1. Name the residues in region 66-87 that are surrounded by 15 or more Cβ atoms within 10 Å (Cβ to Cβ), within 17 Å of P154 (Cβ to Cβ) and more than 13 Å from the chain's Cα centre (by Cα), would you?
2. Select, from A155, A202, the only residue that is at pLDDT 95 or above and either among the aromatic types (F, W, Y) or exposed (fewer than 15 other Cβ atoms within 10 Å of the Cβ) (or both).
3. Pairs, please: C-beta under 6 Å, at least 6 apart or cross-chain, first residue among the charged types (D, E, K, R) and in region 150-170, second in a helix (DSSP H, G or I) and surrounded by fewer than 24 Cβ atoms within 10 Å (Cβ to Cβ)?
4. Which pairs do you get when a residue that is more than 10 Å from L119 (Cβ to Cβ), found in region 93-108, comes within reach of a residue that is among the aromatic types (F, W, Y) and crowded, with 17+ Cβ neighbours inside 10 Å, reach meaning Cβ atoms under 7 angstrom, with the pair 6+ apart or on two chains?
5. Could you list, in sequence order, all residues of region 42-57 that are closer than 10 Å to P142 by Cα and surrounded by fewer than 18 Cβ atoms within 10 Å (Cβ to Cβ)?
6. Taking only region 109-127 into account, find how many residues are more than 10 Å from G158 (Cβ to Cβ) and touching a residue at least 60 places away in the same chain (Cβ under 8 Å).
7. Picking from F135, F225, F128, F176, which residue would you name as being modelled with pLDDT of 95 or more and of a type in the set (F, W, Y)?
8. Could you check, for region 78-85, whether at least one of its residues is among the polar types (S, T, N, Q) and under 30 Å from R222 (Cα atoms)?
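The values are calculated or read from the model by the stated rules, or taken from the named source; none is laboratory data. Just so it is clear, the model here is predicted, and its values are computed rather than measured. Neighbour counts run over all protein chains shown; Cβ positions are idealised from the backbone, glycine included.
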Amino acid sequence: MTTLEHADAAPDASTLNAALAGIRSLLAAVLGGAVSGLLVGGVIGRLGMRLIAVTSPDIAQSRLTDDGARVGAFTLSGSLSLAIALAVGTGLVVGPIYLIARRALPSSRAGRVGGFALLTGSVGGALFVHDHPSFDYSILAPAWLAVTIFLLVPALAGATTALLTELIASPPRPRFPGAWAARWRGPVVTRAARVLFWGVVAWGVYNVGVDVWSLATDHASRAPFTV
């Protein structure tokens, strides 16, 4: 093989290696998210819901929650179905999101794990914590326990997803051709990613704060930009 042929083959090998590294990272993130959803969501989250049911008053027992679950009812099949659904959902959604969010996270492993936990905790809290007069937070009691659980569970799920992804497959350096590599690692993309990251975190914190204030004052929230 001539020198020219060697030069032509090198970019192809580099592109193939980059593609394989990307696939490995994606599979690691999906697997890490699935394990996280199964253990954190399916086990710890289910135990948290059970604790809320036990501490709630008699008037709440056997009634349906905001998500259609019956308070105080426990079946093995229902718990397994929930765990499997959370494993699939977390693996297919949260895992890939971590790969995208990693561009805005700190360079250290601890920073990436903690940063992603902050993201999933704030966004998860915005989605799972509801304002007054939500049944889950107005009838189930104590409200502070429900709020704490539904903030900690998504945060822990995010941290576990990130940590498992890092342990299974460490992040590869991007190998874009030519100038694209420098642009991807450049300050413009870095700043834009971090602005987006902190914007999403701020939105989640704002939503949680609005809901907590609504629950504390027993008044429905009319704040804008909430879910």
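1. L82, A83 - these are the residues of region 66-87 that are surrounded by 15 or more Cβ atoms within 10 Å (Cβ to Cβ), within 17 Å of P154 (Cβ to Cβ) and more than 13 Å from the chain's Cα centre (by Cα).
2. A202
3. E166/R109
4. Pairs that qualify, where the first residue is more than 10 Å from L119 (Cβ to Cβ) and the partner is among the aromatic types (F, W, Y) and crowded, with 17+ Cβ neighbours inside 10 Å: there are none.
5. T55, P57 - these are the residues of region 42-57 that are closer than 10 Å to P142 by Cα and surrounded by fewer than 18 Cβ atoms within 10 Å (Cβ to Cβ).
6. Summing the residues that are more than 10 Å from G158 (Cβ to Cβ) and touching a residue at least 60 places away in the same chain (Cβ under 8 Å) in region 109-127 gives 3.
7. Exactly one residue qualifies, and that residue is F128.
8. no
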